[in-house]
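Engineer: Below is a structure I'd like to ask you about.
The values are calculated or read from the model by the stated rules, or taken from the named source; none is laboratory data. Just so you know, these numbers come straight off a predicted model, no measurement behind them. No Cβ is skipped: glycine too gets one built from the backbone with ideal geometry, and neighbour counts run over all protein chains shown.
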Amino acid sequence: MIRKASLKDVKKIHALISEQAKGGHLLARAITDLYSQIRDFSVAVDGNTGEIVGCGALRVIWEDLAEVRSVAVQGDFQGRGIGCKLVEALMEESFEMRIRKVFVLTYRVSFFSRLGFALMDKNLLPHKIWADCVKCPKFPECDEVAMIKEATNQKD
Ligand SMILES: CC(C)(COP(=O)(O)OP(=O)(O)OC[C@H]1O[C@@H](n2cnc3c(N)ncnc32)[C@H](O)[C@@H]1OP(=O)(O)O)[C@@H](O)C(=O)NCCC(=O)NCCS
């Protein structure tokens, strides 16, 4: 089940992201940022145990642009379609908010291609996104790939 996150989920989200960040798969997030940005997050919940086994966030960047970020699935739950469901839920949220373009910075090109994202030139993203990049240990040598998905069926 995918649902919006609540404040009670922050510690588990932090643990999930930190675990994947150790392997260099995504950017670590400070727990203070997670509290202040918790409304961006959705979580995947194991129907049997009620445990949170995945998370992902949709961050609004500009009038027509948002970012999918911090998508992480617990190691032993990967490869079961949970990551796809999380990203689809975030895309549904972007649709409801009438956001026309959603991008992601990632190493998982095939995963996001399958979800309809296409490669793009990172330098075409607005400067506003670099505010977060400055906090990244990899800055300025970022080797993540930028991918974008444009809405084709927005109502207005
Ligand atoms: C990327 C990540 C979120 C994917 O989560 P996941 O739950 O494993 O994703 P899915 O199961 O939906 O898809 C993973 C693969 O399994 C396949 N798959 C999906 N459902 C499946 C199923 N029921 N049975 C077998 N394979 C399945 C998909 O085709 C996909 O293949 P691909 O990666 O070659 O496209 C997860 O690997 C992760 O946490 N990685 C570390 C963090 C990261 O890289 N995040 C992305 C940057 S934002």
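Engineer: Quickly run through the range 62-88 and pick out the residues that are away from the ligand (no atom under 11 Å from the Cβ), farther than 22 Å from ALA28 by Cα and either buried (at least 16 other Cβ atoms within 10 Å of the Cβ) or modelled with pLDDT of 95 or more (or both).
Structural biologist: At the first step, the residues of the range 62-88 found to be away from the ligand (no atom under 11 Å from the Cβ) are 62-66.
Still in the list and also farther than 22 Å from ALA28 by Cα: 62-65.
Within the range 62-88, LEU65 is the sole residue that qualifies.
Engineer: Check the range 140-148 and report whether any residue there is more than 16 Å from the ligand (Cβ to nearest atom), over 15 Å from the mean Cα position of the chain (by Cα) and not charged (D, E, K, R). Give the steps one after another, and end with the answer.
Structural biologist: Just the residues of the range 140-148 that are more than 16 Å from the ligand (Cβ to nearest atom), to begin with: 140-141.
Okay, now just the ones that are also over 15 Å from the mean Cα position of the chain (by Cα), so 140-141.
Next, only the ones that are not charged (D, E, K, R) stay: 140.
Scanning the range 140-148, I find at least one residue that is more than 16 Å from the ligand (Cβ to nearest atom), over 15 Å from the mean Cα position of the chain (by Cα) and not charged (D, E, K, R), so the answer is yes.
Engineer: One residue is enough: does the range 23-42 have a residue meeting the conditions within 9 Å of the ligand (Cβ to nearest atom), in contact with a helix residue (DSSP H, G or I) (Cβ under 6 Å, 6 or more places away or on another chain) and in a strand (DSSP E or B)?
Structural biologist: No, the conditions are met nowhere in the range 23-42.
Engineer: Ok, one more. Within the range 45-61, which residues are closer than 21 Å to MET97 by Cα and either near the ligand (Cβ under 8 Å from one of its atoms) or hydrophobic (A, V, I, L, M, F, W, C) (or both)? Don't jump to the end; show me each part of the working.
Structural biologist: Restricting attention to the range 45-61, the residues satisfying the condition of being closer than 21 Å to MET97 by Cα are 55-61.
Listed by number, the residues that qualify are CYS55, GLY56, ALA57, LEU58, VAL60, ILE61.
Engineer: So for the range 113-136 (the condition being within 23 Å of ALA21 (Cα to Cα), modelled with pLDDT of 95 or more and under 14 Å from the mean Cα position of the chain (by Cα)), does at least one residue qualify?
Structural biologist: Looking through the range 113-136, at least one residue is within 23 Å of ALA21 (Cα to Cα), modelled with pLDDT of 95 or more and under 14 Å from the mean Cα position of the chain (by Cα).
Engineer: So which residues in the range 89-138 are among the small types (Gly, Ala, Ser) and surrounded by fewer than 17 Cβ atoms within 10 Å (Cβ to Cβ)? Lay out the reasoning, then the answer.
Structural biologist: Initial filter on the range 89-138 (among the small types (Gly, Ala, Ser)): 89, 94, 110, 113, 116, 118, 131.
Selection gives SER110, SER113, GLY116, ALA118, ALA131.
Engineer: Also, I was wondering about something else. Being hydrophobic (A, V, I, L, M, F, W, C), over 28 Å from CYS142 (Cβ atoms) and surrounded by 13 or more Cβ atoms within 10 Å (Cβ to Cβ) is the filter here; which residues of the range 1-50 pass it? Spell out how you get there, then give the answer.
Structural biologist: Taking the range 1-50 as the starting set, the residues that turn out to be hydrophobic (A, V, I, L, M, F, W, C) are 1-2, 5, 7, 10, 13, 15-17, 21, 26-28, 30-31, 34, 38, 41, 43-45.
Now restrict to residues that are over 28 Å from CYS142 (Cβ atoms): 1-2, 7, 45.
Residues satisfying the conditions are ILE2, VAL45.
Engineer: In the range 89-148, what residues are over 19 Å from ALA57 (Cβ atoms), touching a residue at least 24 places away in the same chain (Cβ under 8 Å) and among the aliphatic types (A, V, I, L, M)?
Structural biologist: Hits for the range 89-148 are VAL109, ALA118, LEU119, MET120.
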